[in-house]
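K.L.:
The structure follows.
The values are calculated or read from the model by the stated rules, or taken from the named source; none is laboratory data. Predicted model, so just to flag it, every value in this text is computed and none were measured. Cβ sites come from the backbone with ideal geometry, for glycine too, and all protein chains shown count toward neighbours.
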Amino acid sequence: MLCDAWGVIHNGVELMPGAEEALIKFREICGPVIILTNAPRPASIIPAQLDRLGLSRDAYDAIVTSGDATRAEIARRLPAPAYRIGPDKDDPLFDGLDINFVHLEAAGFIVCTGMVNDHTDEPEDYRDVLRRAAATGLEMVCANPDIVVNWGGRMIWCAGALAEIYEQLGGAVVYGGKPHAPIYELAFAAVDHARGETTNASRILAVGDGLNTDILGANRAGVDALLVTGSGGIHNGENKASDLKVVAITKRLTW
């Protein structure tokens, strides 16, 4: 299983009821669980965050993040200096990268991990700087394709919201996280490592609450997808038509 974290396992404040038990049971009966998250930070720091929320480490085998998938894109553009948009809490993304952050006019590309203050900032607050950046032709590396996450019942804007505006302004954006291929390449490698053998995509189930990230990414990667809805999901209360493929849990996954 490739299981999304935010909106499926937790809401940023507490665990979703039954999520831990379901993951542990899946591991016992079916196989490895890889937590697949668009967090713009390396996987190495996520277990401690999940520990604080109370998630047992018996609930998963490995973690793969958008941050993991994005680091290679950043490294590929070095030693060019970068203009940074995002909070200090995302500093671990740059550990071990010899990256020089400069003002916009001196930058060779942009790295966006989110709002500088994701509790108060709005995407439109950044339109002017994004317009200036797009006019210069700078490419943006977006470390989190999510538009929003549900943080304890409140929607918080993510880096994807800024990337969306940037593309509307004519700017070029590169993504590593869901629904894009790089994060799934890492996820499949994690599954194979956990199982000790190559895994056919038909045996993998992706679980998530985002149609345009989790479900679209699963469709592109050729794996079954289970959409989680409810009070913790980002589509809570919506009734959207979609041609994305979503399947219910089948008999082979029933316990």
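K.L.:
Return only the number of the condition from (1) out of contact with any Leu (no Cβ under 7 Å at 6 or more places or on another chain); (2) crowded, with 21+ Cβ neighbours inside 10 Å; (3) not assigned by TED's automatic domain parsing to the domain that holds L104 that A82 does not satisfy.
P.N.:
Going through the list (1) out of contact with any Leu (no Cβ under 7 Å at 6 or more places or on another chain); (2) crowded, with 21+ Cβ neighbours inside 10 Å; (3) not assigned by TED's automatic domain parsing to the domain that holds L104, A82 breaks only (3).
K.L.:
Here is a further query. Evaluate the following for L138: is it touching a helix residue (DSSP H, G or I) at 6+ places or on another chain (Cβ under 9 Å), assigned to a loop (DSSP other than H, G, I, E, B) and among the hydrophobic types (A, V, I, L, M, F, W, C)?
P.N.:
Criteria met by L138.
K.L.:
Out of (1) out of contact with any Lys or Arg (no Cβ under 9 Å at 6 or more places or on another chain); (2) more than 27 Å from N212 (Cα to Cα), the odd one out for F101 is which?
P.N.:
(1)
Residue by residue, here is whether (1) in the same structural domain as E197 (by TED's automatic domain parsing); (2) charged (D, E, K, R); (3) assigned to a helix (DSSP H, G or I) holds:
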residue: P17; (1), (2), (3): yes, no, no
residue: E20; (1), (2), (3): yes, yes, yes
residue: F26; (1), (2), (3): yes, no, yes
residue: G31; (1), (2), (3): yes, no, no
residue: L36; (1), (2), (3): yes, no, no
residue: I45; (1), (2), (3): yes, no, yes
residue: A48; (1), (2), (3): yes, no, yes
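K.L.:
For A189, all conditions in the list (1) in contact with a strand residue (DSSP E or B) (Cβ under 9 Å, 6 or more places away or on another chain); (2) assigned to a loop (DSSP other than H, G, I, E, B); (3) more than 20 Å from P87 (Cβ to Cβ); (4) of a type outside the set (V, I, T) hold save one; what is the number of the exception?
P.N.:
(2)
K.L.:
Restrict the check to the range 57-78 and report whether at least one residue is more than 25 Å from I9 (Cβ to Cβ) and part of a loop (DSSP other than H, G, I, E, B).
P.N.:
Scanning the range 57-78 turns up at least one residue that is more than 25 Å from I9 (Cβ to Cβ) and part of a loop (DSSP other than H, G, I, E, B).
K.L.:
Checking G86 against (1) more than 17 Å from A172 (Cβ to Cβ); (2) free of Cβ contacts under 8 Å to residues at least 40 places away in the same chain; (3) among the small types (G, A, S): exactly one of these is not met. Which one?
P.N.:
(2)
K.L.:
Anything in the range 127-140 that is surrounded by fewer than 23 Cβ atoms within 10 Å (Cβ to Cβ) and either touching a strand residue (DSSP E or B) at 6+ places or on another chain (Cβ under 6 Å) or outside the structural domain of C112 (by TED's automatic domain parsing) (or both)? List them, or say none.
P.N.:
L138, E139
K.L.:
Continuing with the same structure: Identify all residues within the range 1-27 that are surrounded by fewer than 17 Cβ atoms within 10 Å (Cβ to Cβ) and in contact (Cβ under 8 Å) with a residue 40 or more places away in the chain; write none if there are none.
P.N.:
Selection gives V13, E14, K25.
K.L.:
Scan (1) modelled with pLDDT under 95; (2) among the hydroxyl-bearing types (S, T, Y); (3) closer than 20 Å to G217 by Cβ for the single condition T120 breaks and write down its number.
P.N.:
Checking T120 against (1) modelled with pLDDT under 95; (2) among the hydroxyl-bearing types (S, T, Y); (3) closer than 20 Å to G217 by Cβ, the one that fails is (3).
K.L.:
In the range 91-107, what count of residues is obtained for those that are part of a helix (DSSP H, G or I), under 19 Å from E139 (Cβ atoms) and of a type outside the set (G, A, S)?
P.N.:
4
K.L.:
Please work out which one of (1) under 18 Å from the mean Cα position of the chain (by Cα); (2) touching a residue at least 24 places away in the same chain (Cβ under 8 Å) is the condition F94 fails and give its number.
P.N.:
(2)
K.L.:
Which members of the range 162-178 meet the condition of being touching an Asp or Glu at 6+ places or on another chain (Cβ under 9 Å), surrounded by fewer than 24 Cβ atoms within 10 Å (Cβ to Cβ) and within 24 Å of A218 (Cβ to Cβ)?
P.N.:
Selection gives V173, V174.
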